Amino acid sequence: MKSNSLSTFLILILAGIFLSCSNSKKKDPIQEAKEETESEMSSQLAEKMERMKWPWVEAKDKSIDSLDIRIEDLSIPLLDLEFDVVKDSVFILSEDEFNMARYLVKKHFDSIDTSVGNDSIDDRKKPFPYNYYFKQYIGYKEKDGKRLVYVNMFTSWQTPNGWARELKDKWLMVYDGGKSFGHIIVDIEKKEVKSLYIHGPY
């Protein structure tokens, strides 16, 4: 009887020590951050793999009225990376600012040479026509407070539903890709296009 009581007593003590050690052992903050980053990267990779199965939608095949998209969410992933600015310097355009920027972009395209092909080096340096690009519009401020519009341009979009409106809360970030990608800077105070940049030849 004494032996059983002693065994039970020892088991209870060992269980208490084990639980105490388990509770006192905290995760290293660096390890926690690393695991969180790895989990986020894994999630992004899974999304990319899923996206690869989706069909490509070409801007030139869509209604011209559906090609201009006003960004309406400042917490979109990649937005901070694209602009490398403090968050309060990026802003959502008002309806009037958006319409003004759209008008200026269309007017600018009407005034320049464009090309639908890549038959020559010269053609490769020319942008595609206006209706060949999806265009995302976001406002941002320079250090001196000047309000500008960044217009992100790309010719196709991979989506499960074929909806351009999905681009309101997704930012397409591209580092290369020829003239299928580019951007325009619009000065809405002076009401003019400051610059048009396309990636040009590979």
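Every number in this text was worked out from the coordinates using simple rules, so none of it is lab data. Here the structure is a predicted model, which is why all the values come from computation and not from measurement. Every residue, glycine among them, receives a Cβ derived from its backbone with ideal geometry; neighbour counts consider all protein chains shown.
Numbers at a glance
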read-out: Residue pairs, from the table K62/K107; K143/K190; K62/K141, whose Cα atoms sit over 28 Å apart; value: K62/K141
read-out: Inter-site label distance for D122 and W56 at 7 Å from Cα along Cβ, in nm; value: 2.8 nm
read-out: R0 of 45 Å, Cβ-Cβ distance D113-E32: FRET efficiency to nearest 0.05; value: 0.25
